[in-house]
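Asker: Take a look at this one; I'll ask things after.
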Amino acid sequence: MAEVILHRREVVRRVLDDRGDLLVVTGLGAPAYDVAAAGDHALNFYLWGAMGSAAMIGLGLALAKPKLRVLVVTGDGEMLMGIGSLATIGVKQPGNLGILVLDNRRYGETGMQPSHTDSGVDIAAVAAACRFPVARRISTLAELDDARGLLHSTQGPVFIQAVVEPESVPRVLPPRDGNEIRLRFAQALDRIER
């Protein structure tokens, strides 16, 4: 694989640029901050305290709204915690679901301890084994540009494991009130479905 040169905020910004009506579910912690840093949006569903469940919430949303594109943005630690969700997604085969894992090879919320991906666990290979038609591990800007297109328009489920620098970046806090997030998201969904 090419040398790691990706930065998490740049990855998220590029993927969410010109997003249209993309529904975004974020994992706990840094992925939520990264999505908020790219621009808070009513179609962002931020998870607070739901470690390991971002992919399953994304699956439920993709199945409930098959005409809309759904993107889950999460980290390697959360994806490892919810690794069984990949098998369920592979069985259900939602064509409108993409998962972007920001893999810094660290558990960022608990002190930057090495995660299993630092020891060679390849989550994209797990997704491929779970019948994802597209499952890639990327680490360069050229690969990122291709991955963005896959996440936005390719028949899914699509899985992208973006290897990013294990850097600390400032927190950009999105809304934290779960009821507010839910209501705002539901109202935005209602507007685009009219």
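The values are calculated or read from the model by the stated rules, or taken from the named source; none is laboratory data. Since we're looking at a predicted model, the values are computed, not measured. Note that we place each Cβ from the backbone using ideal geometry, even for glycine, and neighbour counts take in every protein chain shown.
Asker: From the list Leu6, Leu16, which residue is touching a Leu at 6+ places or on another chain (Cβ under 9 Å) and closer than 12 Å to Val73 by Cα?
Answerer: Step by step, each of Leu6, Leu16 is checked, and only Leu16 is touching a Leu at 6+ places or on another chain (Cβ under 9 Å) and closer than 12 Å to Val73 by Cα.
Asker: Looking only at segment 121-142, which residues are farther than 23 Å from Ile83 by Cβ and of a type outside the set (A, V, I, L, M, F, W, C)?
Answerer: Thr140 - this is the single residue of segment 121-142 that is farther than 23 Å from Ile83 by Cβ and of a type outside the set (A, V, I, L, M, F, W, C).
Asker: Residues that are closer than 22 Å to Arg13 by Cα and at pLDDT 90 or above: find the helices (runs of 4 or more DSSP H) completely inside segment 101-193 holding 2 or more of those. Before the answer, list the steps.
Answerer: Values: elements: 123-129, 141-153, 178-193.
Correct list: 141-153, 178-193.
Asker: Considering segment 11-53 alone, what residues qualify as being part of a helix (DSSP H, G or I) and without any contact (Cβ under 8 Å) to a residue 12 or more places away in the chain?
Answerer: none
Asker: Looking at Ala55, Ala30, Ala64, Ala38, which is the one that is more than 12 Å from the chain's Cα centre (by Cα) and buried (at least 19 other Cβ atoms within 10 Å of the Cβ)?
Answerer: On inspection, the qualifying residue turns out to be Ala38.
Asker: Further question on the same structure: I'd like to verify a number: residues in segment 114-138 that are over 15 Å from the mean Cα position of the chain (by Cα) and surrounded by fewer than 19 Cβ atoms within 10 Å (Cβ to Cβ), how many?
Answerer: Residues that pass the stated criteria total 12.
Asker: Identify all residues within segment 62-100 that are aliphatic (A, V, I, L, M), at pLDDT 95 or above, under 21 Å from Ala162 (Cβ atoms) and outside any strand (DSSP E or B); write none if there are none.
Answerer: Hits for segment 62-100 are Ala62, Leu86, Ile89.
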